[in-house]
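Shown next, in structure tokens, is the structure this report addresses.
Each reported figure results from applying straightforward, stated rules to the coordinates on display, with no laboratory input. Bear in mind that the values here come from a model prediction, so they are computed numbers and not experimental data. Glycine also receives a Cβ, built like all others from the backbone with ideal geometry; neighbour counts cover every protein chain displayed.
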Number of protein chains: 2
Amino acid sequence: MGEIIDGKKISSQIKEEVKSKIDELKSRGITAGLTAVLVGDHPPSQVYVGMKSKACQQVGINSEVLKFPQDTSEEKLLSLIDDLNKRSEVHGILVQLPLPPQIAEDKVIQRIDPRKDVDGFHPFNVGMMIAGEAVFLPCTPFGIQELLLRSGNDPSGQHVVILGRGNLVGRPLSVILSQKAPGGNATVTLCHSRTKNIGELAKEADILVAAMGKPLFVKRDMVKEGAVVIDVGVNRIDDPQAKKGYRLVGDVDFEGVKDITKAITPVPGGVGPMTVAMLLFNTLKAAKLQKEI
Amino acid sequence: MGEIIDGKKISSQIKEEVKSKIDELKSRGITAGLTAVLVGDHPPSQVYVGMKSKACQQVGINSEVLKFPQDTSEEKLLSLIDDLNKRSEVHGILVQLPLPPQIAEDKVIQRIDPRKDVDGFHPFNVGMMIAGEAVFLPCTPFGIQELLLRSGNDPSGQHVVILGRGNLVGRPLSVILSQKAPGGNATVTLCHSRTKNIGELAKEADILVAAMGKPLFVKRDMVKEGAVVIDVGVNRIDDPQAKKGYRLVGDVDFEGVKDITKAITPVPGGVGPMTVAMLLFNTLKAAKLQKEI
């Protein structure tokens with residue numbers, strides 16, 4: 001039976017560490033600030049922004065949420081970003097995605113001052129990550145790296161197989177884990193929808209990361225005995241027994257797989273809480289950078 | 001016996017295509033221009049800049065080479081870049097690396113206007129590449145992609161194993177070939193000095209790319225029968241029989257490997273000429289972009 005990697009517990013440790021640094025900044029008269037921008041009424045986005053805002057409050061980061069209607073123009077949003085770039089008490093800017101169709105997401109992200117881009121999505125920050133000189137790592141892959149390290153599963157020298165090449169998780173994770181740096185040095189295979197024999201490749205993994213967004217895709221016969229399994233998927237499936245009529249499952253068939261693994265993350269309570277913790281970490285870093293501490 | 005992939009011939013085709021577009025621009029009164037900056041007296045750099053400049057002339061690109069002494073200050077070089085960014089007849093800027101130790105290479109590269117960064121090294125351009133929206137792909141990996149496509153070895157659906165995670169070749173190539181785009185869609189494994197069982201992984205490759213800078217590293221027992229082998233290495237080894245006292249070899253033991261491959265690139269005459277051809281392609285693209293054509 002594999003160990004369950006407790007993302008809630010590990011993320012709490014990180015939050016504690018961030019809180020003590022935030023307190024230190026406060027004693028010097030600086031309050032780190034994060035502004036979240038929410039456009040429209042996409043329900044999951046409202047939930048995510050609420051969670052992030054609450055987490056900020058827990059660690060003493062000044063959190064501001066700016067809400068705009070669904071029909072907000074691109075021009076208006078860009079000029080808002082310009083304002084936020086100028087406000088010295090705003091150290092981090094988070095634009096919750098997706099944006100409504102009349103707004104080009106890449107234009108908005110490229111407008112954020114890279115020094116305030118705590119999501120790590122600005123092309124400049126992505127480029128710095130590739131060069132091994134990242135200022136802000138994107139929160140989910142960064143969280144997965146921390147989860148591995150703090151659960152005693154250093155990726156160095158391991159064969160990591162990542163299922164899913166998305167720009168939010170799979171792609172940047174493949175870069176972070178294969179880099180010549182502490183916490184990296186893995187041999188990484190990046191698989192996706194066009195991969196042949198994906199099951200065979202998955203079974204080679206010492207560390208298998210599922211980030212395809214396909215519910216229960218990874219079955220027992222795709223996992224090597226003794227592998228570490230990281231499940232990034234968050235999928236709703238119908239469940240008449242459940243109060244809400246659905247339940248959340250990952251990309252991994254947790255029940256079928258867990259007993260042959262060395263360690264495995266649950267859904268929920270695995271990768272999810274780490275993303276928020278790393279956002280707090282990045283906001284702290286942004287505040288320190290901008291105050292030249 | 002594997003087919004020899006003729007990089008000289010394929011690069012000549014690309015140069016012809018670029019030349020005809022350059023001629024078209026000229027008929028509209030526009031001459032594409034590339035300025036190369038060479039600092040110090042590193043002999044291979046002088047050879048490379050000479051080759052690039054000559055290739056520009058062949059296709060009708062206006063080529064300028066600015067040479068500076070070894071003790072040039074960083075400040076002076078940065079202010080030169082500012083000038084080149086402003087000059088409207090300079091569409092592409094190429095700073096030949098390496099630079100002398102008193103100059104921070106990343107500072108210089110970040111100073112280049114991303115729209116003139118025909119090497120594709122600016123973090124903004126690297127970030128855009130990751131996002132699948134590249135303006136300028138870095139020339140060597142871009143050349144390898146073209147070499148594969150034009151020799152009838154589309155990487156789509158193939159397992160590509162890349163040996164070497166450097167920022168000039170291995171790393172960006174892993175991104176380009178695994179992207180969800182024509183010429184991409186490969187399953188990519190990125191190996192490096194910390195990879196265990198590198199021989200076994202190499203042997204899984206449908207397309208094997210050697211970019212470690214280790215002379216004759218890839219031996220026959222590391223190559224699957226029928227694989228395509230791309231050799232990026234250019235290494236000098238002593239050879240008393242040769243006129244210059246040395247000869248060039250790749251990272252692949254060409255003689256030992258060639259007869260079990262489907263196709264293989266020679267050294268020299270494989271990847272090398274492609275790098276220069278893609279630089280011309282990028283300079284043409286830069287001129288069109290800046291003239292909004």
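Laid out as a table, the results:
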{"read-out": "Contour minus Cα-Cα distance for B:Leu289 and B:Gln58 (0.36 nm per residue)", "value": "81.0 nm"}
{"read-out": "Net charge over other residues, Cβ less than 14 angstrom from the Cβ of B:Met212 (K, R count +1; D, E count -1)", "value": "+3"}
{"read-out": "Of A:Gly60, A:Gly170, A:Gly132, the one that fluctuates the most in a GNM where chain A has Cα springs shorter than 10 Å", "value": "A:Gly132"}
{"read-out": "For chain A: relative contact order, % (alpha-carbon pairs under 8 angstrom, 6 or more apart)", "value": "22 percent"}
{"read-out": "Per-pair calculated FRET efficiency, R0 = 51 Å: B:Ile260 and A:Lys19 via Cβ, rounded to 0.05", "value": "0.30"}
{"read-out": "Charged-residue dipole, Cβ positions (Lys, Arg, Asp, Glu), the range B:29-114 about Cα centre, Debye nearest 20", "value": "280 debye"}
{"read-out": "Three-way shape call for chain A based on the alpha-carbon gyration tensor, with the a/c threshold at 1.5", "value": "prolate"}
{"read-out": "Local electrostatic count, B:Lys54, Cβ distance below 15 Å [Lys/Arg +1, Asp/Glu -1]", "value": "+3"}
{"read-out": "Pairs of Cα atoms farther than 14 Å apart, the range B:238-293, %", "value": "70 percent"}
{"read-out": "Where GluC sites (Glu not before Pro) fall in DSSP loop in the range B:49-78, at most 16 other Cβ within 10 Å", "value": "none"}
{"read-out": "Test item: B:170-180 mean partner chain Cβ contacts at 10 Å", "value": "4"}
{"read-out": "Anisotropy class of the range A:116-235 from Cα gyration tensor, a/c 1.5 cut", "value": "prolate"}
{"read-out": "Gaussian network model of chain B, springs between alpha carbon atoms under 10 Å - residue of B:Gly270, B:Gly143, B:Gly213 with greatest fluctuation", "value": "B:Gly213"}
{"read-out": "Gyration tensor (alpha-carbon) shape descriptor, the range A:29-113, a/c threshold 1.5", "value": "oblate"}
{"read-out": "Highest-fluctuation residue, B:His91, B:His122, B:His192 considered, GNM on chain B with Cα pairs under 10 Å", "value": "B:His192"}
{"read-out": "Rounded Å value of the spacing that divides the Cα centres of the range A:58-127 and the range B:273-292", "value": "33 Å"}
{"read-out": "At most 14 other Cβ within 10 Å, DSSP loop - trypsin sites (Lys or Arg not before Pro), the range A:188-293", "value": "A:Lys196, A:Lys219, A:Lys243, A:Lys244, A:Lys291"}
{"read-out": "DSSP H segments from chain A that extend 27 Å or more along their own axis, Cα-based, with Kyte-Doolittle mean of 0.0 or above", "value": "A:271-290"}
{"read-out": "Helix-only CD estimate at 222 nm, as mean residue ellipticity for chain A, using -39500 (n - 2.57) per DSSP H run (n ≥ 4)", "value": "-12000 deg cm²/dmol"}
{"read-out": "Dipole moment magnitude, nearest 20 debye, the range A:132-287 about Cα centre, only Lys, Arg, Asp, Glu C-beta charged", "value": "340 debye"}
